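Down below is the structure, laid out as structure tokens.
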Amino acid sequence: MFEQLVDGILWDIALVIFFVGILWRIIDVLRRGTRRDLSVPRNSGVPGAIMANIRGFFPRREIAPRVRMKVIAGYMFHLGLLILLFFAAPHVKFIAEHITGFSWAAMPYWAFIVTAQVAFAGLILLWIHRLLHPVTRLISRRDDHVGAILVFLVMLTGCMALAEISSELRVFHRFTVELLMIYFPFSALMHAIMFVPSRAYSGATFGRRGVNL
Amino acid sequence: MAAENRHNSGRVRKIVLFCVFSLLVVVTVPLIPYAIDAYAVAGKQASVEKVAALENPAINLWNDVRQRNERTQGLTQVQGVDSGVLINKAGEDWRRFRVEQLVPYGAWFMGGILGAIVLYYLLKGTQMMPGGPTGVRIPRTTLNQRTAHWFTAGVFWLLAVTGLILLYGRFVLIPILGSEGFAVTASACKEMHNLFGPLFILAVVAMFVLFIKGNMYNLGDLKWFAKGGGMFGGHVSAGRFNAGEKTWFWLVIMFGSALCVSGLLLVLAALVPGREVLSLAHMFHGISAVLLIAVSFGHIYLGTVGVEGTLDSMTTGSVDAAWAKAHHDQWYAEMMNDSAAVEAADQEQGSGLVEGGVAKPGQAPGV
Amino acid sequence: MSTPLERGVETLKAQVDARVEAYFSSCTGCGVCAEACLFYLESGDPRYTPIYKTEPLRKVWKNDHTLLGKLSSSIGLSEPMTESDLSDWEELVYDGCSMCSRCSMVCPVGIDIAYLIRKVKEGLAAAGFVPEGLQMAGERALELGSPMGLTEKSLRNAISGLEKEAGVKIPIDVEGAEYLCMLSSAEIVMYSEYITALSKIFSAADITWTLSSKYFEATNTGVQKGDSGLAVQLLERMVKVATELKVKTVISPECGHAYTTFRWDGPNILGREYPFKVMHILELLDQLRADGKLKTSGSFDERLTYHDPCNISRRGGVLAQPRQLLNQFATNFVEMDECGEMNWCCGGGGGVSSNERAEPLRLKVFNIKKRQLDALNVSTLVTSCSNCRTMLEEGLEHNEMENIEVIGLTELLADHLE
């Protein structure tokens with residue numbers, strides 16, 4: 001019963017909410033539009049927007065020592081999660097069967113385990129840091145905690161199902177994934193997409209003035 | 001305002017403590033009768049075997065196969081570790097140790113410590129700060145130390161819970177979940193345990209590096225031990241860490257390392273020559289785990305409901321001057337001489353940006 | 001008649017645009033911005049975290065522009081805006097932020113936090129939560145034409161004094177001059193050497209220029225306060241005099257926020273392009289240098305450093321010019337450890353300097369600059385913003401560092417003309 005629900009209708013609902021939700025959020029930004037900047041530019045804003053999107057991946061030298069922990073743990077978690085998402089053998093198989101129709105090389109089991117450990121360490125460190133640092137403790141919203149816990153649960157159920165010996169564990173994992181997909185478009189998890197226009201807007205503004213963001 | 005905050009955080013703390021305690025009680029107490037049971041059953045089986053051994057006519061051959069008198073290796077064309085052994089007696093010894101000793105004694109030990117703590121709490125209650133909080137804050141831990149602590153604590157409990165399920169699940173969970181239900185639970189726990197295990201290595205290393213300073217024993221610690229750490233009254237003098245804290249630190253480092261090494265051997269079983277190494281590793285793993293879990297009850301008790309104001313050092317990173325004076329008088333005197341640090345923490349309630357005060361630009365917190 | 005809260009909330013609602021939407025949707029509360037903020041680092045108070053200062057706008061956006069927010073608002077689950085959501089932020093935004101934009105440079109998801117804080121100010125100003133000092137400066141700017149209360153008469157007196165004293169000619173209201181130089185009030189009452197320097201430089205380069213007696217003030221209190229209506233009125237006056245005098249280029253003085261406001265934000269605040277060009281005085285000087293019209297002689301051998309005004313460097317893009325100009329004659333020019341687009345603010349930008357209440361905090365955050373200067377052991381500190389200059393002088397005095405002389409770049413250059 002639960003298995004049918006999770007593999008069937010709930011999956012379809014989650015998929016629709018996930019993609020339509022994201023699309024709607026993007027349209028919501030674009031539809032507001034920005035007024036044309038009427039000041040005479042020093043440089044074009046386009047390279048600024050592109051450069052800001054690239055440079056945003058690296059912390060500035062001036063603050064790097066102060067944010068080392070956030071950057072290292074952040075990269076561990078984000079890269080780990082991305083690699084797990086697209087290169088874990090069960091995921092490759094699932095994506096090929098249900099979404100793309102074609103597959104690609106998955107990583108070996110040991111790489112999978114190491115990646116998962118790196119991602120878990122990153123996520124746990126980031127969350128502990130969020131709770132302990134006076135700044136993040138002050139500015140974190142309920143949404144930030146819910147997002148972190150949901151992602152943790154998805155990863156935890158995923159690793160619980162690693163032995164692939166029972167459908168209960170697989171269904172449990174898929175269920176948490178569906179919860180995450182439904183929650184995603186309405187939450188701060190949207191930063192996974194919105195960082196692109198956000199960096200572009202700022203990068204263009206600064207770029208027009210001749211400043212590299 | 002500050003009083004309200006304290007009141008609030010006190011309430012939150014009580015709720016958290018209640019949850020943690022309930023969890024511990026729920027996990028441990030039900031194990032006790034099963035452990036007693038298992039002990040009795042194992043005893044019976046042992047006496048049956050003794051009788052059978054006396055009356056068998058092909059006793060020499062069978063004794064060799066069973067490896068009763070000495071370790072015998074047969075000849076075989078199969079190449080591999082232990083392939084010349086028909087019946088691995090060491091395996092049986094290990095099984096017996098696990099079922100007859102580790103399981104029941106472990107349960108008694110953990111349950112006993114927990115019971116003693118509850119009893120102590122009921123008799124003595126929370127040890128309050130003498131004279132109440134002064135409002136003067138003294139920085140005690142850095143953000144990195146606290147991060148390492150909670151990382152270790154988180155990973156430790158994830159491993160402890162999954163490990164205990166694997167150790168006691170047969171007695172506790174099969175009656176509730178049934179065999180199939182437990183098989184699924186056990187598989188999930190084993191995967192989680194193996195995956196999170198290596199993170200504990202990082203945690204132990206981080207704890208060692210970040211907390212070694214101030215945790216070396218000195219002569220004054222003997223006095224502390226002699227007075228029982230002030231558990232039964234009387235004043236005990238201590239520096240930054242008292243002898244009890246130092247002991248906990250070294251227990252974590254030593255038994256934590258034992259857990260890491262034995263755990264790695266068990267995870268990488270395919271690379272380990274011989275089952276005996278593995279059973280030995282398992283023995284060490286089980287004993288160390290039970291010991292650390294049991295002592296951690298005491299650590300958690302003292303850090304939370306046991307002593308007022310202790311938890312602050314792991315949340316905000318600073319402690320009240322009254323707390324420091326009562327429990328770490330030598331360290332208190334040292335810190336009060338460094339008035340700049342106290343002022344900074346006082347102002348910021350220990351934002352813990354950088355040890356000993358407010359951060360300066362370009363001053364790296366360090367990892 | 002609506003309540004202050006309603007006015008504030010309505011104004012904040014109107015501030016939400018695509019950028020606000022993208023910015024708030026991207027914020028994960030990572031706290032990196034705090035590590036770039038001088039107010040947080042020096043006070044240690046997490047409430048000065050840059051993104052926390054935008055909380056009123058974020059709350060309005062959340063309740064009014066997101067699906068979950070609207071849903072929970074409609075069933076009464078969301079926390080509605082209260083007056084304290086605005087009043088409690090007055091101190092954070094006006095006293096605890098100099099709009100230096102250093103946070104915007106480091107945000108991992110690229111949020112221009114200063115852009116958001118500027119919008120929060122609109123809401124606070126509409127609700128009337130503005131520090132008295134800034135409020136008064138705005139009123140003086142509107143009524144008298146200058147936030148310091150200077151009038152045409154004060155300007156004329158100052159100029160005749162200067163002409164007598166230095167023996168230079170300072171043109172006023174010359175129609176058809178090539179350049180119209182705007183001023184900040186501080187340059188009339190405290191740093192009039194700047195005007196003398198202009199006169200020397202323009203005559204050396206043989207270029208026509210003029211001041212305007214009708215409206216000379218380049219600063220815009222409307223922008224500092226977050227009052228777009230006032231900002232438009234003040235900008236219109238500036239456009240009007242420039243158009244009437246038929247100048248080709250308007251020169252923004254040695255003032256940081258005047259430059260960003262007039263050069264970059266002005267056309268967008270007015271909603272139309274200017275019929276003239278706007279340049280910062282340093283841009284013009286560097287262009288004259290490149291064209292060979294501005295030759296220096298002699299050298300300045302004392303150890304000196306350059307303080308980047310945030311609005312000229314980071315938000316204005318005038319980064320290379322001051323360095324090229326200084327290198328012509330300064331033989332002992334050293335840079336601070338963090339300079340250029342990642343400089344540290346003097347602490348008095350964004351209207352903080354007009355807000356007497358903020359003085360203790362401002363002097364506290366000056367410690368960053370103090371440490372930067374201590375590390376260099378310089379005897380001269382050059383800058384190109386009269387507001388920075390005042391703040392630096394006050395900060396140095398407060399820290400008993402008067403052995404360091406603060407000087408404007410234009411003035412220093414005029415002393416080394418061929």
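In table form, for the structure just shown:
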read-out: Burial ordering of A:Leu125, C:Leu57, fewest other beta-carbon atoms within 10 Å first; value: A:Leu125, C:Leu57
read-out: ³J(HN,Hα) computed for each position of segment A:117-131 - Karplus, 6.51 cos²θ - 1.76 cosθ + 1.60, integer Hz, glycine/proline x; value: 5, 4, 5, 4, 4, x, 5, 5, 4, 4, 6, 4, 4, 4, 6
read-out: Relative exposure of B:Lys213, B:Lys325, C:Lys293, judged by other C-beta atoms within 10 Å (fewest first); value: B:Lys213, C:Lys293, B:Lys325
read-out: Residues of type aspartates and glutamates that C:Lys295 reaches as a straight line, Cα spacing below 15 Å, ignoring anything fewer than 8 places off in the same chain; value: C:Asp206, C:Asp286, C:Glu411, C:Asp415, C:Glu418
read-out: Gaussian network model of chain C, Cα within-10 Å springs - most flexible of C:Gly167, C:Gly266, C:Gly256; value: C:Gly167
read-out: Proxy reagent accessibility, fewest Cβ within 10 Å first, across B:Thr152, B:Thr141, C:Thr243, A:Thr34; value: C:Thr243, A:Thr34, B:Thr152, B:Thr141
read-out: From phi via Karplus (6.51, -1.76, 1.60), per-residue ³J(HN,Hα) for segment C:261-272 in Hz, x at Gly/Pro; value: 5, 6, 6, 9, 8, x, x, 6, 5, 6, x, 7
read-out: Cβ neighbours within 10 Å from other chains - mean over A:181-192; value: 3
read-out: 5 angstrom amide H check on B:Gln127, placed H, neighbours 5+ away; value: B:Val307, B:Glu308
read-out: By average C-beta atoms within 10 angstrom, highest first, the peptides B:194-202, C:182-190, A:35-43; value: C:182-190, B:194-202, A:35-43
read-out: Set of lysines with alpha-carbon distance to C:Lys370 below 17 Å, sequence-local pairs under 8 removed; value: B:Lys360
read-out: Members of B:Lys124/B:Lys325; C:Lys246/C:Lys277; C:Lys121/C:Lys277 lying beyond 18 Å, as alpha-carbon distances in this model show; value: B:Lys124/B:Lys325; C:Lys121/C:Lys277
read-out: Centroid-to-centroid separation of segment C:207-247 and segment A:72-142 [C-alpha atoms, Å]; value: 54
read-out: Placed amide H near C:Glu405: partners under 5 Å, 5+ positions off or other chain; value: C:Thr380, C:Leu381
read-out: R0 of 45 Å, Cβ-Cβ distance B:Leu119-A:Ala64: FRET efficiency to nearest 0.05; value: 0.30
read-out: Hz values of 3J(HN,Hα) by residue in segment C:299-315 - Karplus curve (6.51, -1.76, 1.60), Gly and Pro given as x; value: 9, 10, 9, 6, 5, 9, 9, 10, 8, 6, x, 3, 6, 8, 8, 5, 9
read-out: Reach of C:Lys164 by Cα under 23 Å, taken over lysines that are not fewer than 8 positions away in the same chain; value: C:Lys153, C:Lys200, C:Lys214
read-out: Cleavage-rule hits (GluC sites (Glu not before Pro)) in segment C:297-397: DSSP loop, at most 16 neighbouring Cβ within 10 angstrom; value: C:Glu302, C:Glu335
read-out: Average partner coverage of A:155-165, which counts Cβ from other chains inside 10 Å; value: 5
read-out: Estimated FRET transfer efficiency (C:Lys364, C:Glu139; beta-carbon r; R0 25 Å; 0.05); value: 0.30
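None of the figures in this text is laboratory data; all of them are computed from the coordinates on show. Note that this is a predicted model, so its numbers are computed, not measured. Methodologically, a virtual Cβ is constructed for each residue, glycine included, from the backbone with ideal geometry; neighbour enumeration extends over all protein chains shown.
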